[in-house]
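Enquirer: Structure below; questions to follow.
The numbers here are math on the coordinates, done by the rules we state, and not lab data. Since the structure is predicted, the reported quantities are computational estimates derived from the model, not experimental observations. FYI the Cβ positions are ideal-geometry reconstructions off the backbone, even for glycines, and counts take in every protein chain you see.
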């Protein structure tokens, strides 16, 4: 520690502290304008000037402390006022006419009594850039403080903006030149949030009037779980800001969470139930719609002729009530959620290896990692806040290994990029295990005391030397060796992975063989390991599974076949629960097509857009006598349903979500649902009452309390406790949660990690003369899932349509130029897409997103699934491509 004095007040601060830190530690303050706690100091504005040892003014934000330094704050009052007056003199008068809650500059001028009258105010002259839907640039308000440039570089990691010009003509500008809309900006809003003057702002922000209230909630888009502060005026969202103390996002957000909230007031928002009459959906009353649903359910001859697809977009409490409804009211375990389609192999693989089906580590553990293995994930697009943190950790010195067929943004920053042929993950991970063992990069003590299955894995790995893996996967032997050494020689390596590992014919094997690497190196369940961490796609896909919206598991991952666990639920719920696992989502569709399902209830999922083999899904919906759909909009699935119920969005709900690292966080109601709209919680409770059953949970808080009383993993959770901050499950009564798992032993029966000796099995999907290309599907940064929310916001201007990514060489061979239209055909179906030519994909491979239902991308994907979990093989579809005339032309 270093002792300094602040206006003669002694204070001890760390040796790395600045004068500003010392001033605040002494309970005093000085104004700042170019300073942001998240960024490196710039000292460009001089508004924080103080005296140092009587030798005159220094910038307190950037000057380091030294032993015995005497800091004079009060003496610098006039210096700071003069500095601010000089800044104001370079601005037009309207810079000080902004509302104080929209301008840091205005607030500071009020604090220091600086006005336009006290400085020579210049006229406006430099113009505006209104090209971007979410970022407005007013050059005349720019003071060249550099905060936006530093935020773009240090928070987002995009380096999209810069300062141009010299002297008084210095102004922020897109780094590529030209208009903001044509720049590398990813619309995260970090520049807007940090700008102190309004030079960068949200278009139309001032039109909504003053802010009436702020509400803290959790983002309802991807599974990162960013904490957001939402400002409202009446029923309008004025602005959304990432919480600076957000437990995951630390003052950062992406375009979706930060800006894409306008869908709540979309003119095509459903506001009244719809019922199919004479083949057409027509408006109905709630009573009529719910009576129709209840009457059908009452007449079902066998409870297993009912199935419900719960929602990864709904709260934990809603998912808890939905699965309770299926089991108590209908008496069936036919309940599932979309985790089946993405991370079911994670739950199965991680549970088999470690004992629990969630990620092993808190995201905070990344801060201490010196090597990152990122496999089958493009978080820059799918989980932007995670992608930015991974990039920043890499720029700070951590080594990065990327395993992905595509040359993603993070792959371009990687020390080693392994680009295996799709479907060969298991071969690659077995090859890495071979090298870790061969080159003595393993942790023998950990393997001896905390793992089992090593000998079987060692014997299997012998068959995967680098040269053999190169033949199987296309990954060069030298690159594989380099990757093994980067991971194996690291002190604290971490694994992050995504759907490129799970959505395969052998997805569970992919998870288990990837987890092997962490076990071999003792990098899980220890202080020197970043563990194995799946990046969840939807906002509450982890929580939907945690709450028991699964056909074989009750809340807290208790098996429906476990008599003791089931008896506990029987007693609490006053019902006899079925002991036979129910149908998974693909089996629900099979049963519907076979005439074995009478009612299918789909909650918040557009299965006709997001599930594989659209033709087969459409056949299931057509064959089922009653399809019920809860949604915000008339999605393609809702349009095919018999009853459509308008429900609330995440901004209109109270409850909790669980993010990708098992973190329970509060979701607070920001807006009142529109007239005619109900929550999923209220809908299921009311249908249960019409069927003569009381589900017993009157509020979402009561639902979580009941769940906590029945599921040991969640025993210490409640809304009240979560008001103080997020908690990672397992949470014991009175405990603080478990950010990092397995420090005291694994959750398997023998308390050891179980290595998996799983051979590489070639996929059934291979290129052929008829279908010579391999198609991978996934997410784009601008949109979310089927795009139901984001396509109803200005985000649609960032990406207006889906396209097919094609490698330059393939485009040349096919005679395709940028924007050309092609018919893409697989064994399952066909669709038409425009072409984007990019080096992100390898020759022979193509990529498309699925956010635009009209693009029909899932018309192409097949019904092939992972055997243990029924997770579809989205990441591997053989296709052929044929150029056609643009749609609408002969």
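Enquirer: What nm value, rounded to one decimal, do you get for the distance between residue 882 and residue 282 when each label is placed 7 Å out toward the C-beta?
Expert: Taking the two extended label points, one gets 4.3 nm.
Enquirer: Hey, another quick one. If you take the square roots of the eigenvalues of the alpha-carbon gyration tensor of region 344-534 and sort them as a ≥ b ≥ c, do you get rounded (a/c under 1.5), prolate (a/b over b/c) or oblate?
Expert: Details: a/c = 1.28, a/b = 1.11, b/c = 1.15.
Rounded, since a/c falls under 1.5.
Enquirer: Compute the relative contact order of region 1-143 as a whole-number percentage, counting only Cα pairs closer than 8 Å that sit 6 or more residues apart in sequence. Please list the in-between numbers first.
Expert: Working: 249 pairs, mean separation 28.5, N = 143.
Dividing the mean separation by the residue count of region 1-143 yields 20 percent.
Enquirer: Taking Cα extents along the principal axes in Å straight from the coordinates, which label in [x] 108, 81, 50; [y] 103, 74, 71; [z] 86, 69, 68 is the correct one?
Expert: Computing Cα extents along the principal axes in Å and matching it to [x] 108, 81, 50; [y] 103, 74, 71; [z] 86, 69, 68 gives [z].
Enquirer: How far is helix 680-690 tilted, in degrees, relative to the longest principal axis of the Cα atoms in the chain, given as a value from 0 to 90 rounded to the nearest 10?
Expert: 40 degrees
Enquirer: On to the next question. Quick check on packing: order 812-820, 624-632, 561-569 by the mean number of other C-beta atoms within 10 Å, highest mean leading. Before the final figure, lay out each step's value.
Expert: On the way: 812-820: 13.2, 624-632: 23.4, 561-569: 14.9.
Packing order, densest peptide first, comes out as 624-632, 561-569, 812-820.
Enquirer: Let me make sure I get this right: for region 122-178, a, b and c are the square roots of the gyration tensor eigenvalues over alpha carbons, sorted descending. Under 1.5 in a/c it's rounded, otherwise prolate if a/b > b/c, else oblate. Which is it? Could you put the intermediate results ahead of the total?
Expert: Working: a/c = 1.96, a/b = 1.35, b/c = 1.45.
Oblate, since a/c reaches 1.5 and b/c is not below a/b.
Enquirer: Over the chain, what is the relative contact order in whole percent, taking alpha-carbon pairs under 8 Å and six or more residues apart?
Expert: Numbers: 2105 pairs, mean separation 117.7, N = 890.
Dividing the mean separation by the residue count of the chain yields 13 percent.
Enquirer: Can you give the helix-only mean residue ellipticity at 222 nm for the chain, where every DSSP H stretch with n ≥ 4 adds -39500 (n - 2.57) and the sum goes over all residues, rounded to the nearest 500 deg cm²/dmol?
Expert: Values: 29 runs with 242 residues, N = 890.
Taken over the chain, the calculation gives -7500 deg cm²/dmol.
Enquirer: Fewest Cβ neighbours within 10 Å first, please rank 261, 343 accordingly. If you can, show how the numbers build up before the last one.
Expert: On the way: 261 23, 343 36.
Final ranking by Cβ density, sparse to dense: 261, 343.
Enquirer: Also, I was wondering about something else. Taking the mean number of other Cβ atoms within 10 Å as a proxy for protection, how do you rank 229-238, 347-356, 644-653 from highest to lowest? Don't skip to the answer; put the middle values down first.
Expert: Values: 229-238: 16.9, 347-356: 22.8, 644-653: 24.7.
Per-residue mean Cβ counts within 10 Å order the peptides as 644-653, 347-356, 229-238.
Enquirer: Provide 875, 559, 256 in ascending order of the number of other Cβ atoms located within 10 Å of each residue's Cβ, fewest first. Intermediate results must be reported in sequence, preceding the final value.
Expert: Values: 875 27, 559 14, 256 24.
Ordered from fewest to most neighbouring Cβ atoms within 10 Å, 875, 559, 256 come out as 559, 256, 875.
Enquirer: Where does helix 344-354 land angle-wise versus the long Cα axis of the chain, in degrees 0 to 90, nearest 10?
Expert: 80 degrees
Enquirer: If you take every DSSP beta bridge fully contained in region 773-884, what fraction is antiparallel? Give it as a percent rounded to 5. Can you show the working numbers first?
Expert: Numbers: 16 of 24 bridges.
Antiparallel bridges make up about 65 percent of those DSSP assigns within region 773-884.
Enquirer: Answer rounded, prolate or oblate for region 773-884, using the Cα gyration tensor with square roots of eigenvalues a ≥ b ≥ c: rounded when a/c is under 1.5, else prolate when a/b is larger than b/c, else oblate.
Expert: Numbers: a/c = 1.74, a/b = 1.03, b/c = 1.68.
It comes out oblate by the Cα gyration axes.
Enquirer: Could the peptides 413-424, 323-334 be put in order, highest first, of the mean number of other beta-carbon atoms found within 10 Å of their residues? List each step's numbers first, then the result.
Expert: Numbers: 413-424: 21.8, 323-334: 24.6.
Listed from highest to lowest mean packing, they are 323-334, 413-424.
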